[in-house]
Structure formats: structure tokens, C-alpha cells
Amino acid sequence: MAAWFTRSGNIAHHVKRNMGSFLRPAPTLSDSSWSRSPACLGNSPALLWAGRLESTRAQKLVDSDSENDAPLRDDDQAIDFPGGRVMLTSEMQFIPGYPQQRVHCYHLMNNDGQTNMCSSFEQVSKEVAVKMYSDMITLQIMDTIFYEAQRQGRISFYLTSVGEEAINIASAAALSPDDIVMAQYREPGVLLWRGFTLQEFANQCFGNKADCGKGRQMPIHYGSKKLNYFTVSSPLATQLPQAVGAAYSLKMDNKDACVVAYFGDGSTSEGDFHASLNFAAVMEAPVIFLCRNNGWAISTPTSEQFRSDGIVVKGPAYGIQSIRVDGNDALAVHNAVRAARQMAIHEQRPILVEALTYRVGHHSTSDDSTKYRPVDEVKHWEMGQNPVNRFRKWVERNGWWSEEDESQLRSSIRKQLLQAIQVAEKMEKPPLADLFSDVYDVPPSILFEQEQQLRETIKRHPQDYPSDVPV
Ligand SMILES: Cc1ncc(C[n+]2csc(CCOP(=O)(O)OP(=O)(O)O)c2C)c(N)n1
Ligand SMILES: [Mg+2]
């Protein structure tokens, strides 16, 4: 499909805009401009190939000219290759694989919550700032209590967002509810910001009858049609090509919205990441690729994942405007994502945001990170670069938060969450019939047969079937 659009639409437009001379009729060899401008080729593949041979011949002419010390004119030193005019050089230079200086990181606030007087940025109102901070605390409490619930064997799996609260909440606060979110799995804060209730989180983790996914996903694979948040799927990076397709549909419908695709550093090793960036650039799709570079993909450090200067440099390689931001600085994340959204929608183009942070928790409840990284490293980030403490200091400096607000919020959220967990745990599981519904409009006969077989097996071995799932 990409190829079809490319030929019929954007590239044709791009070629006309940037390559006027490329589309000129093919010159004859007697044409005097030929040796200086060998890319004046026809636009059929055969002519293109012949033209390339001729351009080599033309290059030899240029070389022999220079041997005779004839002065080169500017025109002689550039060729309109397909894709645009390229300057020529006789100096053999390989582009370095790694820059002398790493790409700078956009940052507004230090660890004491002080902002640089010289930096200009869009202020966050008291109302938004207090909601941002309250949601960060709620996310922390959710992580603590659900993690414990898993350790007690009450839910099967959990995964925390510790250390990445600012990326979650500050990016969500910069979006509009119409923007479509395609998350990886460490972004429940985006859903929290949009109004997913503690009861809904608990229902999903317990996989009960009230879960909007009908208990068919592992815990933390949240989704909400109402809140424009696509259901999380475990295979890494699969949400990225889908995000580009969804963004292209917003473009076709002239919608004032974009898609935000979240993913980790590890996901960038998937082919889907690269295909998506290229596809989005060519299709000029309004999508924000938001990479949480937290240093680890389970036990694999980024140094074993790629040799580039992180993720941000990969954007320009695909023709995508990109920014690196301090992911532990809520103000910087908020400002960068707000600007990215403006550009994505008003200029109809993809944007790549690399948010640098650190995964403070274990990868998930199935992991023990003390086996592969020093505890001191974790402590350094947890204590010294804590995004929640940093934002709290900034909110307090503004006089918008007090110790009393803090303890009231914490005890209220804790109570609400424990209550939600009790309700979710007691609620019935979805009925067995729900396993077979919702995929097909008219289910195929093979599904009926499977359902029958399952029901017969349960009748024969009732002791092996969970008693809390209605048959
Ligand atoms: C295609 C695929 N390969 C491997 C996995 C196993 N896996 C699950 S999470 C993960 C690490 C992902 O790391 P990253 O994208 O950096 O996200 P983070 O967990 O750090 O937030 C891996 C390898 C998977 N789910 N899907
Ligand atoms: Mg990671």
C-alpha cells in the first residue's frame, strides 16, 4: 500500500517540488548542458538507468576538466540525483557513526524544582499542575498496592511505572482527549489522567465481569474505547505501524487530533519501529512517536541494544523532526509534547520524542533486576533523580501544595484503592461464553465446536475448573 500511495501521491508531489530539472525531457548527448548537469533524465526506469551510466561518463569529463586545471563552476559541483540536488566533493569523507557531542536534552527544572530564569516555556496552570501531581501520587500508590496484591497471589501479574511517572502524566496532560493513544504497557498514567477509575484498573487486573476487556487479557493490558486508548498488546512495537495507520486516517478525515504511540528503548530493535517511522514520514501522518528510553529492556542495557546516540538521532534519518527531553522533568515533558502535538497536527507530520529516564522497578513481577544491575545504580535514580519529588518541589514553590494536602491525598487514594480491590476481587468472573464472542460478527462453526468440547471437558473434570467462573 505504501508503494501505491508513494507512486500516486506524495512522492510525485515531492518530485515536482524538489526536482524540477529531473522531470525535464531527456537531453541528447550533443546537448551542451549534459556534461554539467547529467541528472536531466527522463522519468522512466529505463531512462533513469541509462542516465546513470551517462552521469558516470559526465563525471569523467568533469574529472578530466579538472586535470586540465579548468576552473570548476558551481553548477559542475552538484548533481540533481533522484531525491534532490547533491553537492559533490573530491574529499573522501565518511560520516561519523557517532557524533562528537551527544544530542542535548531539553530540560527546564532542577532537582529542587527550580526553573532557569532564562528559559521561556508555557506555564502550567495551578489546576493542571495539582492534577498532574495528584495523578503521579495515585500512580505510585497503585503500583505499590497492585504489586503487593500480586505478591500475595491475588492477581497473576503486574508491572510498575516507578521512575516514569512524569513521562506518563506530563505527556498525557499535554494532549487532547481526542488524541488516540497507542501504549506499550508502562503508561497506565495516561489512562489515569483521562479518567479511567481505580475501580476500572482493579477490574482489569482481577479480570472480572466488569472488566471492559472481559478478562481476556493479562493484568495491566488496559484499554478503553471511551478514552481513546487502544488495548495494550504484549508483542513489542506492534502498536507502531497501527499508530501510523490510525494517524493517516485522522489526516484523511481532516481531524484536529493526532496519535501518540508510546514505546520503550527495547522496542526500537524491532523492525516495526523502523518501518513505522519511514511510513509515517512518507505519508506525512500526524503521529507522535514517544520513546521512553529507560536504559533497560528487561535485562538488556541500551549499550547492547544499539550503538547510535540513543533514539533521537534515528528520527532525522527517516526525515522526522525530533527532540530529546529529560523524562524526569515533568515541565519539560509537558512542553515538548505540547509543541510536538502542535507540529504534528498543524504541519501534518510525524514527530519523534525521546524521553530519557530510568526504570526504577524490576521489569515486572516475573523479574528480579538485582541479578543483572547494581542496586546502587537503582538507588541513584530513585533518590537523586526522582521525577515526582522534583515536581512536588516545583508545585510547593508556587504555593499550590502543602504537607497537609500530601497526607490527605495519600490516605484518600489508599482507601479508595483498597476498596476497589475488595470489590473487584469479590466480583464474578466473566462467563465462559465470553471467551468465544466479539471477534466474529457471525462466529464460524469451528468456534461452536470448540465451545462444545470445552463444556464437555468441564463436565467430565469439574474439579479442574475454577469454581468462580460461571459456565
Ligand atoms: C516481539 C517481542 N519480543 C520480545 C518480547 C519480550 N519482552 C517483553 S518486554 C521486553 C523489553 C522491552 O523493553 P523496552 O521496550 O525498553 O520497554 P521497558 O520494559 O523498558 O519499558 C521484552 C524483550 C515481547 N513482548 N515481544
Ligand atoms: Mg526500556
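Measuring between alpha carbons in the structure, the pairs from LYS214/LYS429; LYS226/LYS255; LYS255/LYS314; LYS214/LYS426; LYS131/LYS393; LYS225/LYS255 lying more than 20 angstrom apart are LYS255/LYS314. Here GLU456, GLU91 are placed in order of increasing Cβ neighbour count within 10 Å, fewest first, which gives GLU91, GLU456.
For the pair GLU377 and GLU396 in one chain, pulling the backbone fully straight at 0.36 nm per residue adds 4.0 nm over the alpha carbon distance. Stretching the chain fully between ASP253 and SER299 yields a gain of 12.3 nm (0.36 nm per residue, less the alpha carbon separation).
Please report, to two decimal places, log10 I(q)/I(0) for the range 217-279 at q = 0.20, 0.24 Å⁻¹ as given by the Debye formula with identical point scatterers on the Cα atoms and no solvent. The Cα Debye sum returns log10 ratios of -0.86, -1.10. Going from the fewest other Cβ atoms within 10 Å to the most, the residues ASP253, ASP329, ASP80, ASP179 appear in the order ASP253, ASP80, ASP179, ASP329.
Once the chain from ALA78 to MET92 is taken as fully extended at 0.36 nm per residue, the excess over their C-alpha distance is 3.5 nm. Shown is the FRET efficiency for ASP309 and VAL442, computed with R0 = 41 Å from the Cβ-Cβ distance and rounded to the nearest 0.05: 0.20.
Bear in mind these aren't lab numbers, they're just calculated from the coordinates by the rules spelled out. In this text, all values refer to a predicted model and were calculated from it rather than measured experimentally. Every residue, glycine as well, gets a Cβ built from its backbone with ideal geometry; the counts of neighbours run over all protein chains shown.
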